[in-house]
1. With the structure loaded, tell me whether residue 117 is assigned to a helix (DSSP H, G or I), within 14 Å of the chain's Cα centre (by Cα) and not polar (S, T, N, Q) or whether it fails that test.
2. Could you give me the residue pairs with C-beta distances under 8 Å whose first residue belongs to the stretch 18-31 and is under 16 Å from residue 168 (Cα atoms) and without any contact (Cβ under 8 Å) to a residue 12 or more places away in the chain, whose second residue is among the small types (Gly, Ala, Ser) and assigned to a helix (DSSP H, G or I) wherever it lies, and which are 6+ apart or on separate chains?
3. Taking the stretch 67-113 only, how many residues are assigned to a strand (DSSP E or B), crowded, with 17+ Cβ neighbours inside 10 Å and among the hydrophobic types (A, V, I, L, M, F, W, C)?
4. Anything in the stretch 89-105 that is touching a residue at least 24 places away in the same chain (Cβ under 8 Å) and over 14 Å from residue 131 (Cβ atoms)? List them, or say none.
5. Of all residues in the stretch 120-147, which are charged (D, E, K, R) and within 14 Å of the chain's Cα centre (by Cα)?
6. Restricting to the stretch 103-114, count the residues that are over 11 Å from the mean Cα position of the chain (by Cα) and either of a type in the set (Gly, Ala, Ser) or under 24 Å from residue 11 (Cα atoms) (or both).
7. Could you give every pair whose Cβ atoms fall below 6 Å, whose first residue belongs to the stretch 163-175 and is touching a residue at least 60 places away in the same chain (Cβ under 8 Å), and whose second residue is basic (Lys, Arg) and not in a loop (DSSP other than H, G, I, E, B), counting only separations of at least 6 or pairs across chains?
8. Which one of the conditions (1) modelled with pLDDT of 95 or more; (2) surrounded by fewer than 20 Cβ atoms within 10 Å (Cβ to Cβ); (3) touching a Leu at 6+ places or on another chain (Cβ under 7 Å) does residue 171 fail to meet, given that it meets all the rest?
Amino acid sequence: MNNLFLTGKINIGKTTVLNSIIDRLNISNNNIGGFSTKAFLENEKVKGFYIHPINYCLQRPEFEKTIIGYTPDGIRWIENTKTFEDFGVDILNYCLRNTFELIIMDELGFFENKANIFQQKVHKIIDSDKKVLGIIKSHQTIFLNSIRERKDVNVVEITKQNRDCISTKLYNKIK
């Protein structure tokens, strides 16, 4: 199993399981690339999300150009396709050019719906011989479904019932 994606409800523990698998894989941190998605706060409320590269040694853009989605009013969300097409693609190209053993994609969701070049790069990484460990939102979109439907991708749902024991089972499949 080279391509494993975790899915599940919000705050169910997907990233915790992902990190537990990474710890068990015993891969040097220098051999891991990819990205994580992080929230940023304003007045103690989530205002948006940004993409954070893992082991990316090139110049990073200013913070505003790492934002992938934000809420101007706390109700509706606005995606920033340009961030995916610029910085996101740069991160994925960097992963393809380097000898990383493991590529992390935490997480793929609906903000990248219109980011066609980014989507193509995600598929190119999955096509590569590198191990991919990621998180995919449970939303139904053309892009997310295109990943779920691949024969070389395994998607595992994290639940309250399995989140404490599943990392051991998944580690044994991906190692």
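The values are calculated or read from the model by the stated rules, or taken from the named source; none is laboratory data. This one's a predicted model, so the numbers in the text were calculated from it and none came from an experiment. All Cβ positions, even for glycine, are placed from backbone atoms using ideal geometry, and neighbour counts span all protein chains on display.
1. Working: assigned to a helix (DSSP H, G or I): yes; within 14 Å of the chain's Cα centre (by Cα): no; not polar (S, T, N, Q): yes.
The answer is no for residue 117.
2. Note: no pairs meet the criteria.
3. The initial filter retains those residues of the stretch 67-113 that are assigned to a strand (DSSP E or B), namely 67-70, 78-79, 102-108.
The next check asks that each one be crowded, with 17+ Cβ neighbours inside 10 Å; those that pass are 67-70, 79, 102-108.
Remaining after also requiring among the hydrophobic types (A, V, I, L, M, F, W, C): 67-68, 102-105, 108.
Number of matching residues: 7.
4. Residues of the stretch 89-105 touching a residue at least 24 places away in the same chain (Cβ under 8 Å): 89-96, 98-105.
Matches in the stretch 89-105: 89, 90, 91, 92, 93, 94.
5. Pass one, the stretch 120-147, residues charged (D, E, K, R): 121, 124, 127, 129-131, 137.
Selection gives 121, 131, 137.
6. Of the residues in the stretch 103-114, the ones over 11 Å from the mean Cα position of the chain (by Cα) are 110-114.
In the following step, the residues that additionally are either of a type in the set (Gly, Ala, Ser) or under 24 Å from residue 11 (Cα atoms) (or both) were identified as 110-113.
Number of matching residues: 4.
7. Every condition considered, the pairs that remain are 171/24.
8. Of (1) modelled with pLDDT of 95 or more; (2) surrounded by fewer than 20 Cβ atoms within 10 Å (Cβ to Cβ); (3) touching a Leu at 6+ places or on another chain (Cβ under 7 Å), only one is false for residue 171: (1).
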